[in-house]
1. Report the dimensions of segment 28-91 along its three principal axes from the alpha-carbon atoms, largest first, rounded to Å.
2. For segment 115-161, restrict the atom set to alpha-carbon positions and state the Rg and Dmax in Å.
3. Quickly estimate the mean residue ellipticity at 222 nm for the chain, helices only: each DSSP H run with n ≥ 4 gives -39500 (n - 2.57), and the total goes over all residues, rounded to 500.
4. Using Cα pairs under 8 angstrom and six or more residues apart, how large is the relative contact order of segment 1-133, in percent?
5. Excluding the sites themselves, what is the longest stretch of the chain that contains no GluC sites (Glu not before Pro) in a DSSP loop with at most 14 other C-beta atoms within 10 Å?
6. How charged is the neighbourhood of Gly369? Take every other residue with its Cβ under 14 Å from the Cβ of Gly369, and add Lys/Arg as +1 and Asp/Glu as -1.
7. Between the alpha-carbon centers of segment 62-93 and segment 1-57, tell me the distance in whole angstrom.
8. Which aspartates and glutamates does Lys288 reach when only Cα atoms under 19 Å apart count, and residues fewer than 8 places away in its own chain are ignored?
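Just so you know, all these numbers are worked out from the coordinates, no wet-lab data involved. Because the structure is predicted, anything quoted here is derived from the model rather than measured. In this analysis, Cβ positions are derived from the backbone assuming ideal geometry, glycine residues included, and neighbour counts consider all displayed protein chains.
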Amino acid sequence: MRLVALRILPFLMTCYFISFVDRVNLGFAALQMVSDLRLSATVFGLGGGLFFVSYFFCEVPSNLLLEKVGARRWIARIMITWGFLAGGMALVKGPHSFYAMRLLLGAAEAGFFPGVILYLSYWFPAKYRARIIGMFTVAIPVSSFLGSPISAALLEIGWLGLRGWQWMFILEAAPAVVLGLACLVVLSDRPSDAKWLDTNEQSWLMSQLDAETPGERPVGRLSLWQLLWNKHVLALSMVLAGSTAVSSGLQLWQPQIIQSYGLTNLQTGLLNSIPFALASVIMVWWGKRSDQRGERIWHAALPLILTSFSLGAAFLFESLFATLVILCLAVIGIYAGKGPAWAVSTEWLSASTAAAGLAQINAVSNLAGFGTIYLMGFTKDVTGRFSLALLPLVALAAAAALTMLLIGRNKMTSAVAGDKAAVVGR
C-alpha cells in the first residue's frame, strides 16, 4: 500500500491544492476587487455562491463520464478546463461578467472531488480510507495555509496596467493546466493498468479489493432517479454540507472578517493562514484515529459540534485575538470530520451506485455553499456585522452533527434488530 500511496496521493493532493487555491482565492481578490468593481456584499456573496449552482447540476453527469471514459483522461480534462477559466476571472468587469465566470468555473470543476474519492476506492481497501481521504483532503486547509500569504503578496503586483487581483487569478491558474497534462502520464485508471506495479503487486492489491466486495450495504442497486432521492444519500449530503458549505463560507469571507480589524493585505494573509495550518495537522491525525478505532460516527459528529459552538461564540467576543481563536477552532472542526464522513459514504455505497452516489453527496453538500455564501453577504449588508453573518454557518454545522448522530443511532438499531433476528432464526 505504501508504494500505491506514494505514487498516487502526493500528485492528487497537489492537484486538489491547486483546485482549491483557484476556487477560494476569490476571498483575497475581494480585498481589491470589491472596491475596484463597486460590488456590494450581497453581489459578491451571490457571485461567490453561483459557482456551486452550476457545480451542482454538472456533478453527477461529470462523475458518470469519469467512470465511462476513465479517471486519467477525465481528471485531466477537468483540470485543464478549470485552469483556463480560473485565469479568465481576471477579465471580470462588473456583476454580470462576475456571475457568468463563476457559473462557468463551477461547471468546469464539477466532478473533480467525488471523482478522486471514487478513484481512491479503486486503489485502497476500506480499512485505509479514512486516513487516505484525510490525507487527500488535507490539501484543502493547506491550500489556504500556503495560498493565503501568496495570494496576499500577489495583490501587490501591478504589471502591464493590470491590478494585483487580476494577476493573482492568472498566475494561480497556470499550474492547473500543467498538472492536467501531467495527469495523462502520472495516473493509471485501475491497478490492472498500472505498469509501475509488477504482476505480483497487482494481483495482491486486486485480491485485497475483491475480498471486501460487499454483501449488503445501505445503498444497493438503484436507478439513478432512486439514488438521487435515497434517504441515506440525502442524509450523508446533509452531513457533508456541514463541513463543505461552512468551509466555503469561511474561505470566501474570512479574509474580509480579519481585515475588518484594520490590517494590511499581507497581515491579513498571514493571520488567515493560521487556522488552516492547525487544521492540516489535526485532520490527518483524526482520520488515522478513526481508522485505528474503526469508529466513524463520533469522529464525524464531534468536529461539527466544535465548529457550531465556536462560531456561535463570535457573538460574545469581538477582539482580533478572540476572533482568531474562534476561527481556529471552527476550521479545525470543519476539516477534522471530513475523512471519517467520506469514509462512511464510500462504505455505504455499493459498487453500482458509487460513481453517481458520491457525486450526488458532494453536489448537494456544495449546493448548500451557495446558500451560506449568499446569506453571509446579505446579512452583512443588512446588519453591518460579520458575527451575525456567521449565523447560517452555526445552524448548518449543528444540523449536520445531529444528522450524523441520527445515522449512528439508526445504524445501531438496525444492527440490534439483525442480531435478534439471527437469534430467533437459530
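1. That works out to 45, 20, 16 Å along the principal axes.
2. Values for segment 115-161 (Cα only, Rg and Dmax): 17.1, 54 Å.
3. Working: 19 runs with 345 residues, N = 426.
Result for the chain, helices only: -27500 deg cm²/dmol.
4. That works out to 33 percent.
5. In the chain, the maximal stretch lacking such sites is 1-155.
6. Working: positive: Arg23, Arg102; negative: Glu59, Glu109.
The answer is 0.
7. A separation of 13 Å, based on Cα centres.
8. Here the aspartates and glutamates satisfying the reach criterion relative to Lys288 are Glu347.
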